[in-house]
Amino acid sequence: MAMYGILLDKDKAVAKWIAETTKRTQEENFLKNPFKTKIKFWLKKKQLLLLMDITPIYFNYTIFGWVMSAGTLLMFGLGWWVWPGIILGCLGFFWTSEFYFEMTKLGLRRAGYKGKIKRMRLGEVIREVVF
């Protein structure tokens with residue numbers, strides 16, 4: 001589960017992106033939409049606070065890569081056969097909130113948003129929403 005907050009300027013491109021993303025994430029076909037996504041937003045004076053919760057449908061299989069590389073390293077020593085497990089283990093980046101934040105930034109830029117994008121900690125999001 002990756003949850004993160006974003007502070008954006010009010011813009012028509014952001015509203016359009018939120019509408020399209022919400023519509024796209026309602027797709028039931030797991031090949032077209034491999035995520036369970038929840039998007040909440042709060043309007044402030046001149047800004048928009050966006051909270052995204054993205055959960056991939058596929059389980060995080062990268063532990064198998066680390067176990068496989070550790071096992072081959074112990075049994076056969078260091079060699080080319082260790083690298084496939086290491087590469088598989090490094091794919092765990094695709095389950096982090098940093099990856100989803102970068103993809104959100106990319107999507108907002110492609111939608112035509114030219115303002116600043118500030119990532120917020122969850123504590124800051126709670127403080128902004130509650131207080």
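The values are calculated or read from the model by the stated rules, or taken from the named source; none is laboratory data. Source: prediction; values computed, not measured. Here the Cβ positions follow ideal geometry from the backbone for every residue, glycine too, while neighbour counts run over all protein chains shown.
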statement: Subset of the range 76-104, residues surrounded by fewer than 14 Cβ atoms within 10 Å (Cβ to Cβ) and of a type in the set (Val, Ile, Thr), comes to 87, 96
- prompt: Taking the range 1-16 as the region of interest, how many residues are touching a Ser or Thr at 6+ places or on another chain (Cβ under 9 Å) and surrounded by 11 or more Cβ atoms within 10 Å (Cβ to Cβ)?
  reply: 4
statement: Reported set for the range 48-59 where residues are loosely packed, with under 12 Cβ neighbours inside 10 Å and under 27 Å from residue 125 (Cα atoms) is 57
task: Using the structure shown, decide if residue 127 is assigned to a helix (DSSP H, G or I) and basic (Lys, Arg).
output: yes
task: Output the residues belonging to the range 17-47 that are surrounded by 12 or more Cβ atoms within 10 Å (Cβ to Cβ), within 19 Å of residue 128 (Cα to Cα) and either touching a Lys or Arg at 6+ places or on another chain (Cβ under 8 Å) or free of Cβ contacts under 8 Å to residues at least 24 places away in the same chain (or both).
output: 38, 39, 40, 41, 47
task: Please work out if residue 86 is part of a helix (DSSP H, G or I), over 14 Å from residue 5 (Cα atoms) and β-branched (Val, Ile, Thr).
output: yes
field: Where residue 81 falls short, out of the listed (1) more than 15 Å from residue 9 (Cα to Cα); (2) at pLDDT 90 or above; (3) of a type outside the set (A, V, I, L, M)
entry: (2)
